[in-house]
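The values are calculated or read from the model by the stated rules, or taken from the named source; none is laboratory data. Quick caveat, the model's predicted, so the values are computed rather than measured. For neighbour counting, all protein chains shown are included, and Cβ atoms are generated from backbone atoms with ideal geometry for every residue, glycine included. Side chains are part of the model used for accessible areas, which takes the heavy atoms of the whole protein and leaves out ligands, DNA and RNA. Shrake-Rupley method; radii C 1.70, N 1.55, O 1.52, S 1.80 Å.
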Amino acid sequence: MKRHLGFWLAAGWAAVLVLPWHIGGVWPVFWPAGPQNGPSAGDGMPALIQGLLLGRPWLLASVLPLLAALAGLWAKGRAKDGAKGEADERARSAWLTAAGGGGLGWLLVESLAVTQPGLGLGAAAYAVVCLVLGAHGLALRGWCKGDVFIVASIGLVLGSILVFVGFPVVTILLSAVQDNDGRLTVAGLFDKLTDSGIWGLGCVLGTGSTCGVAWNTLALAGVVGVLTTGTGLAFALIAVRTGFRFKAALRLASILPVITPPFVIGLAIILLFGRAGVVTDLLSTLFDIPRSRWIYGMPGVAMAQILAFTPISFLVLVGVLQGVSPTLEEASQTLRATPWITFRTVTLPLIRPGLANAFLISFIESLADFGNPLVLGGNFDVLSTKIFYAVVGAAHDQGRAAVLAIILLSFTLSAFLAQRRWLGRRSYATVAGKGDAGLPSPLPSGVRIAASAVAALWTALTVLVYGTILVGGFLKSLGRDNTLTLIHYQTAFGIETGPNGWWFSGSAWDSLFTTLGVSLVAMPLTAALGLLTAYLLVRQSFLGRGAFEFLTMLSFAIPGTVIGVSYILAFNTPPLELTGTGLILIIAFVFRNMPVGIRAGIATLSQIDKSLDEASLTLGARSFTTLRRVILPLLRPAIVTAMVYSFVRAITSVSAVIFLVTAKYNLATAYIVGRAEVGEYGLAIAYSSALIAIMVVALLAIQLLVGERRLGRRTAALPVSTSASKVNA
Amino acid sequence: MTHIRTLSPGTTTLEPAPAAARARPAVEFRSVVKRYGAFTAVHELNFSIEAGTLVTLLGPSGCGKTTTLRMIAGLEQASSGTILIGGENVTARSAAERDVSMVFQSYALFPHMTILDNVAYGLTVGGMAKRAALEAARDKLALVGLAGLEGRLPSELSGGQQQRVAVARAIVLEPRVLLFDEPLSNLDAKMRRQVREDIRQLQQSLKLTVVYVTHDQEEALAVSDRIIVMAGGRIAQDGTPRDLYQRPASRFIADFIGDANIVPALLEGRDGALGRVRVGMATLTLPHRDLADGPVELAVRPNAIRLTSDQDPSDGLLGRVHFAAYLGDHMEYEVAVALGGREVMLFARTPDVDAPLSVGDAVCVGFAPRGVTVVPP
Ligand SMILES: Nc1ncnc2c1ncn2[C@@H]1O[C@H](COP(=O)(O)OP(=O)(O)OP(=O)(O)O)[C@@H](O)[C@H]1O
Ligand SMILES: [Mg+2]
């Protein structure tokens, strides 16, 4: 313990003596790049140097906590037992707690009260050190059974969620009550929230031509939710209750939405059904159906979303249907019920919670979707696109963006809470440990025919869509000029040789490299943070665990658009000035995708018997050793899942990062959306299919590399938590 | 309750003279309480366990045995009170810092490690060199009779073998106290007898201090030096198996250990240590156990009941056979008798299988003096 404390204390001194306290300035360590002279030249110097030389005396206070911790280190018990030893312990605990609390408190007050440049590496390191010192103090007091690692982990996870989820959300709430000059206008908030542009019912009442954007969003989400659930159910029934022979293909198809950037389906739909689309062409020449722009608007967006989200609802419903014990249906049959009556009175009621769950998941997905409405919406606005235009458009009205984001957030949050509260535990369909013999009753023929028809339609459309994506990139201009060409790939991924050797001349390379780099850095961080959080939630009980769970849950429910807006609002100015850096992209990915890690971790951890941890503890291993030697090896499937999903989601994500990209740090999806907006569909499609190919290769590589170790009976299948993990794409 | 140490109020730290170290109890609970929210799982528990003995915590489901055991291990924190292990106050210490090992009901073998690595785990995380740890682990595996299986994964062993690995893993650290939570519950009836004998032998040959949790009274009687019977989070009785069986402190104990019939009776007078007890028309001479004259209850073991078909009630009660079952080497009967104005069912076991009684027979119920005790009502 003493050795660890010594290390952290040394790190604390390094943070104030060596590392740059602010961003910018001329300090030659790590984060230089700033004006060489002038008033801000010293910004990058360590806190103590700034305090002594630059007339920023308040920074000198940063040493007090470190001195307190030093005192704590010296108060180390000399007597091991007895009253003296206990008094020493108490003194040490008091010093360390004071050091941690004081340091963090000072940092908070200092950074909010004093106008200064954005905090740098030194301040970040200082915060972590204070947190760990405080954790030592609290652990000595018996918190979390005296386990420093647990106390520090809780502090770290909680702190980072507060800073990177809580703080932006609070900022967005605050900026909703400010006007654009930062003045507080509480009075205006009500007007803004009830604006007729948001809640107007003109289209229904006949007083206007359009409805408020909130109604648009809800209507779209409702329609998509119902239709997606229906389609998902059709597939689930076919997969579970018929002799359908291509079940493996169904499973495979369910991966598609994971590796398809959300707007790509929208792009393909434009190319198929747009005014100059392939299908439109065909209909117009064969049947003389006039070309129109019907696809731009709700029909197109809904179609794209149904195609995209059906696999998710399929996965949910397959699980639920498999959980329905066949014996119940057999019992119904022996009571002389026909297949239709059995289906209606036994099967359907049993899967009703599952249906509601699938509906809510698709509902939330649709609310949060940004890419499809952006490329297909036309004049049909939804909240997520409205937010985008409020920020990037001519109006540049961040207050309005904040109001819209709050409304969207309240929708997703309500749906999410409904899903958790009502459906979290209420499932009659159970998979018991004992083998449940029996055959599920055959589907009534009407249901079977309907399901097959729906499934066939979906399949046909999907094949068309993915065919378009694959082929479209190789055609000059799909629909207009179907000459085979590599021009799009060349524009995007050209490599030329010039006087300085080879260079990546293609226009897509920059964004591709940034995307891959940022995703690769975010991947292990996301997995680590998510799994650590899952471990704390599943395995530890501590004061405030409920609140902790709620906070992590909150980050599940925040749509990407809201994250994006809140990040630019929160991190545009000191003390945390991160916009325009690559770091903010990484942070956005980590905290957006962390729920994936949490879910994978929770699913796997709850299958690992808790007595394994306890056995390790009673054998003298502390929780960190236990985590490393017992839990982590068993968590391997979850680690793979978390890594894969965080990587893939980082690559495909568009809604959050479109606000955060810059010319220097552009991302693939943002680039593609930009191309699509100016009508360069060929390039957009070509780039999209390249992304999909990259992700397929990455998935296969990870599967091959990691493989799975057999643990006999305990082998846990890779928990494909797609259904849950895509919730806020 | 002879083992409970009463402490003068205000004694919070134990400062024993070094010479007394040997006499220190291996485990001591002082007013230990465990609450889960508003629910109190364990009330003010006081007991101490001598080194080198096997003590069983016995009681019906939900009485707090596992909770007590886990508080010894440090897997649960006591809500209040003091826990000492080997005289040291460990109340605030985590499980990793206590000199205690545990054999879990589910065995909790690490599925991703071989048997050998499992057993060596405690040594290696404690900082022992890998080679020495594996050597010690191999010894312990041989001790529990598993030499040759070192390279297998836990999933490749039978339940009984897994159990022995769990024991080896726990004793390899030579803990001051070894804890067992229902170690036999995953084994079949035959294996149970075998394994419990093995555990007892191991405990005696290595002079281990063992705390053993079970809800099976026969198992407890068979293995224990001492049994602490718990009910509703409190100690109901604490004593040797013989104490518990022959001198139950309450009708709960009498019923829980050895399925005694509880029969209302009258203590009518005494003569030295013996008292006259009237039950129905019969009068028995039994140790009065310092109970006051007047109504008492009798705990009658099933095999202390004599059933005869003669109709002379002078040495017993009249009854009627209500149920009879043949179990190979003995008969079991339920006999309805009228006592104190209501009908009482007595459960009897007799070795006579050749001339069984049948349902409906009128019988006379007598009592053998051994196997009958008075208990406080
Ligand atoms: N984590 C907990 N939260 C709330 N109550 C608990 C918890 N753990 C145990 N209890 C309660 O404490 C009481 C004692 O539980 P314990 O596990 O010690 O019983 P036990 O004697 O081991 O029973 P069994 O023989 O069934 O294992 C029970 O009523 C149980 O419901
Ligand atoms: Mg128990």
With label points set 7 Å from each Cα along the Cα-to-Cβ direction at residue A:113 and residue B:350, the distance between them in nm comes to 9.3
Between chains B and A, the summed loss of accessible surface on complex formation, probed at 1.4 Å and reported to the nearest 100 square angstrom, is 2600
Per the rule of 0.36 nm per residue minus the C-alpha distance, extending residue B:88 to residue B:222 adds in nm 45.1 nm
Computed ³J(HN,Hα) along the range B:212-220: with the Karplus parameters 6.51/-1.76/1.60, θ = phi - 60°, integer Hz and x for glycine or proline, the list is 10, 9, 8, 10, 9, 5, 5, 4, 4
The Rg/Rh figure for chain B, Cα atoms and Kirkwood Rh, to two decimals is 1.06
Excluding ligands, DNA and RNA, the carbon-plus-sulfur percentage of the accessible area of chain B with a 1.4 Å probe reads 51
FRET efficiency (residue A:242, residue A:199; Cβ distance; R0 41 Å; to 0.05) is 0.35
Regression test value, accessible area per residue of the range B:259-375, probe 1.4 Å, units Å², expected 50
Expressed as a percent, the accessible surface of the range A:247-316 that is carbon or sulfur, using a 1.4 Å probe and the full set of protein chains, is 71
So the carbon and sulfur contribution to the accessible area of the range A:473-711, 1.4 Å probe, in percent, is 64
Losing no less than 50 Å² of accessible area (probe 1.4 Å) relative to the isolated chain, the residues of the range B:98-114 are B:104, B:110, B:111, B:112
So for R0 = 35 Å, FRET eff. of residue A:345-residue A:463 from the Cβ-Cβ r, to 0.05, ends up at 0.45
Checked against the positive end of the charge dipole of the range A:491-607 (+1 on Cβ of Lys and Arg, -1 on Cβ of Asp and Glu, about the Cα centre), the farthest of A:535, A:518, A:572 is A:535
Averaged per residue, the 1.4 Å probe accessible area of the range A:199-472, protein heavy atoms only, in Å², is roughly 44
As straight-line cross-link partners of residue A:664, the qualifying aspartates and glutamates (C-alpha separation under 16 Å, not fewer than 8 residues apart within one chain) are A:510
Measuring from its Cα centre, chain B shows a charge dipole (+1 at each Lys and Arg Cβ, -1 at each Asp and Glu Cβ) which, in debye to the nearest 20, is 1100
With every protein chain kept in place and a 1.4 Å probe, the range B:31-163 has an accessible area per residue in Å² of 35
Length gained, residue A:421-residue A:185, 0.36 nm per residue minus C-alpha separation, equals 81.5 nm
The local net charge around residue B:353, scoring Lys/Arg +1 and Asp/Glu -1 for residues other than residue B:353 whose Cβ lies under 15 Å from its Cβ, equals -3
Cα-Cα longer than 30 Å, checked against A:610/B:65; B:34/B:190; A:610/B:140; B:34/B:130; A:247/A:386, kept in input order, equals B:34/B:190; B:34/B:130; A:247/A:386
Hull surface over four for the Cα convex hull of the range A:199-472, reported in nm², is 18.2
Computed Rg/Rh for the range B:197-336 (Cα atoms; Rh = Kirkwood radius) stands at 1.04
Residues hit by the 40 Å² burial cutoff in the range A:127-166, accessible area with a 1.4 Å probe, assembly against chain on its own, are A:145
Contact-by-burial set, the range B:62-85, min loss 40 Å², accessible area of protein heavy atoms with 1.4 Å probe, reference chain alone, gives B:75, B:77
Expressed to one decimal in nm², the mean projection of the alpha carbon convex hull of the range A:473-711 is 18.0
Of the convex hull drawn through the C-alpha atoms of the protein assembly as shown, the volume per residue in Å³ is 263
Taking only the alpha-carbon positions of the range A:485-626 as identical scatterers, the Debye log10 I(q)/I(0) at q = 0.14, 0.17 Å⁻¹ comes out as -0.85, -1.04
On the formula 1/(1 + (r/R0)^6), with r taken between the Cβ atoms of residue B:130 and residue B:155 and R0 of 30 Å, the FRET efficiency rounded to 0.05 is 0.80
